[in-house]
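Undergrad: Structure below; questions to follow.
A short reminder: the numbers here are calculations on the coordinates, not readings from a lab. Quick caveat: nothing in here was measured; it's all calculated off a predicted structure. Don't worry about glycine lacking a Cβ; one is built from the backbone with ideal geometry, like all the others, and counts go over all protein chains shown.
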Amino acid sequence: MPETILKLQDVAVFQNENLILNNITLEVKKGEFVYIIGKTGSGKSSFMKTLYGDIPLREGYGSVVDFNLKTLQENEIPFLRRKLGIVFQDFKLLSDRNINNNLRFVLKATGWTDSAKMDAKIEEVLDKVGMKTKGFKFPHELSGGEQQRIAIARSLLNDPELILADEPTGNLDPQTSVEVMKVLQEINDSGRTIIMATHDYALILKYPHKTIKCDGNKMFEVIQKAV
Ligand SMILES: Nc1ncnc2c1ncn2[C@@H]1O[C@H](COP(=O)(O)OP(=O)(O)OP(=O)(O)O)[C@@H](O)[C@H]1O
């Protein structure tokens, strides 16, 4: 039996005092790829934020990569995030340094000290996303799709048990979206678990996976034809 990476039982998600999603029960096993879909404002980002500790879990039970979300303390959040790879719609690369130094910055911030090991890790993750030759470029010298591939490489630096991608293709044209999706699919094929929020139905049809819809404060699984 594959191990459980995420388990939620009767979870409610709030933004301040507003209930966004209710009665969420969901289990994700190692190696799964799960889409979270739903229209604007339906709660996809709020759901993702709950998983990486940005919104505290107030109601229900939840565990993510062996962290109990209900009892999660502020000082544990960096350790939770070290076991997660997080990818956002807007890449969030540091504009004042090149790609190698963007990645080195994250490694140093997460406790790496050995320069040779850092270089090897950076080369490894850039290779995984097909960007091995771009380490000396600055973010503004790269296209949107390339910047997103770098952001995915960055998410892989600490060998995360779970990748959370919130609208990773939201700023990209359809063809570039497919290229970025191919990278995520390869990462999933190598055994890594991915949860991806998206409203890109073309991608879902091209790369079908388990799909959970946010609608009317609820989350429920939908079959591909019905999305
Ligand atoms: N920081 C916040 N404070 C209060 N309410 C918020 C906050 N962020 C989002 N909301 C509200 O929570 C609800 C869910 O928003 P959320 O961003 O999770 O939806 P979404 O499905 O990710 O939307 P989108 O596809 O536009 O990103 C919306 O009604 C939104 O207005």
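Undergrad: If you look at just the Cα atoms of region 67-184, how large are its Rg and its Dmax in Å?
TA: In order Rg, Dmax, the Cα atoms of region 67-184 give 14.4, 43 Å.
Undergrad: Ok, one more. Rounding to the nearest 20 debye, state how big the charge dipole of the chain is about its Cα centre with +1 on each Lys and Arg Cβ and -1 on each Asp and Glu Cβ. Write down the numbers at each step before the final one.
TA: Numbers: 30 positive and 30 negative charges, 24 e Å.
That gives a dipole near 120 debye.
Undergrad: Give the Kirkwood hydrodynamic radius (Å, one decimal) of region 97-160, defined as one over the mean of 1/r across all pairs of different Cα atoms.
TA: 11.5 Å
Undergrad: Report, in whole Å, the centroid distance computed from the Cα atoms of region 110-154 and region 59-85.
TA: About 26 Å separates the Cα centre of region 110-154 from the one of region 59-85.
Undergrad: Sticking with this one: Using only the alpha carbons of the chain, determine the length spanned along each of the three principal axes and report them from longest to shortest in whole angstroms.
TA: 47, 40, 37
Undergrad: What range in the chain is the longest one free of GluC sites (Glu not before Pro) that are in a loop by DSSP and have at most 16 other Cβ atoms within 10 angstrom?
TA: 18-227
Undergrad: Once you keep just the Cα pairs under 8 angstrom separated by 6 or more residues, what percentage relative contact order results for region 4-226?
TA: Numbers: 407 pairs, mean separation 65.6, N = 223.
29 percent.
Undergrad: A follow-up question, please. Restricting to bridges with both residues inside region 4-226, how much of the DSSP beta-bridge set is antiparallel, in percent to the nearest 5?
TA: Numbers: 20 of 37 bridges.
Looking only at bridges with both residues in region 4-226, the antiparallel portion is about 55 percent.
Undergrad: Listing LYS121, LYS29 from the residue with the fewest other Cβ atoms within 10 Å to the one with the most, what is the order?
TA: The fewest-first ordering by Cβ neighbours comes to LYS29, LYS121.
Undergrad: Can I ask one more? Pairs to check: LYS7/LYS206; LYS137/LYS210; LYS70/LYS134. Give those whose C-alpha atoms are more than 32 Å from each other in this structure. List each step's numbers first, then the result.
TA: Working: LYS7/LYS206 27 Å; LYS137/LYS210 36 Å; LYS70/LYS134 41 Å.
Among LYS7/LYS206; LYS137/LYS210; LYS70/LYS134, the Cα-Cα distance tops 32 Å for LYS137/LYS210; LYS70/LYS134.
Undergrad: Order of 207-218, 37-48 by packing, highest average Cβ count within 10 Å first?
TA: Numbers: 207-218: 16.5, 37-48: 19.2.
So the order, starting with the most tightly packed, is 37-48, 207-218.
Undergrad: Where both partners of a DSSP beta bridge lie in region 159-227, what percent of those bridges are antiparallel, to the nearest 5?
TA: Counting only bridges with both partners in region 159-227, antiparallel ones make up about 50 percent.
Undergrad: Pick from LEU94, LEU21, LEU126: which is most flexible by mean-square fluctuation in a GNM of the chain where alpha carbon atoms under 10 Å apart are linked?
TA: LEU94
Undergrad: List the extent of the Cα atoms of region 47-126 along each of their three principal axes, largest first, rounded to whole Å.
TA: 43, 27, 19
Undergrad: How long are the semi-axes of the equivalent ellipsoid of region 1-57, taking √(5λ) for every eigenvalue λ of the Cα gyration tensor, in whole Å from largest down? All intermediate terms of the calculation are to be shown ahead of the outcome.
TA: Working: eigenvalues 91, 33, 20 Å².
Each semi-axis is √(5λ); the values are 21, 13, 10 Å.
Undergrad: Express in % the proportion of alpha carbon pairs of region 1-103 at distances exceeding 21 Å.
TA: On the way: 2147 of 5253 pairs.
Result for the distance tail: 41 percent.
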